[in-house]
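The block underneath contains the structure these notes are about, expressed in structure tokens.
The values are calculated or read from the model by the stated rules, or taken from the named source; none is laboratory data. Computed from a prediction, not measured in an experiment: that's the story for all the values here. Positions of Cβ are backbone-derived with ideal geometry, glycine not excepted, and every protein chain shown enters the neighbour counts.
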Amino acid sequence: MTTQPTTWPENVIARYLTVGGATVDITYMPADGLRAVCQGERCPWQDREFTGTAYDDSVEDVDRKITTALLPLQIRAQRHAETCRAMPKPTA
């Protein structure tokens, strides 16, 4: 069985393990919103959700907007992870 690193890449806020042993990572970047990308070798799957955050939003507003946009993206990322057989690229 493939072991996953104990630390996640920067800006990853959710992660799903695929059938093939890769991950689907969800990241948040203020300018881009939420983005899900499958890390399986040559798997083209990706998806995104716009959060609608603005530079003058309070921390609470940003958290609320991320939470609202995150759930549908998590559902789609989980659905992909349940069927993707692309394996992660070996590190060495």
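A few notes on this one:
- Residue, farthest from ALA14 (Cα to Cα), within the stretch 44-80, restricted to residues that are among the β-branched types (Val, Ile, Thr) and in a loop (DSSP other than H, G, I, E, B): THR53
- Residue within the stretch 72-80 that is in contact with a Leu (Cβ under 6 Å, 6 or more places away or on another chain), modelled with pLDDT of 95 or more, surrounded by 12 or more Cβ atoms within 10 Å (Cβ to Cβ) and of a type outside the set (D, E, K, R) present: yes
- Applying the criterion of being small (Gly, Ala, Ser) and in contact (Cβ under 8 Å) with a residue 40 or more places away in the chain to the residues of the stretch 31-45, the residue that is nearest to ARG64 (Cα to Cα) is ALA36.
- Residues of the stretch 36-71 satisfying the condition of being more than 13 Å from the chain's Cα centre (by Cα) and surrounded by fewer than 12 Cβ atoms within 10 Å (Cβ to Cβ): ARG42, PRO44, PHE50, ALA54, TYR55, ASP56, SER58, VAL59, GLU60, THR67
- Where TYR16 falls short, out of the listed (1) over 11 Å from the mean Cα position of the chain (by Cα); (2) touching a residue at least 60 places away in the same chain (Cβ under 8 Å): (1)
- The single condition among (1) surrounded by 17 or more Cβ atoms within 10 Å (Cβ to Cβ); (2) in contact (Cβ under 8 Å) with a residue 24 or more places away in the chain; (3) in a loop (DSSP other than H, G, I, E, B) that THR83 does not satisfy is (1).
- Any hit, the stretch 19-30, residues being in contact (Cβ under 8 Å) with a residue 12 or more places away in the chain, outside any loop (DSSP other than H, G, I, E, B) and surrounded by fewer than 13 Cβ atoms within 10 Å (Cβ to Cβ): yes
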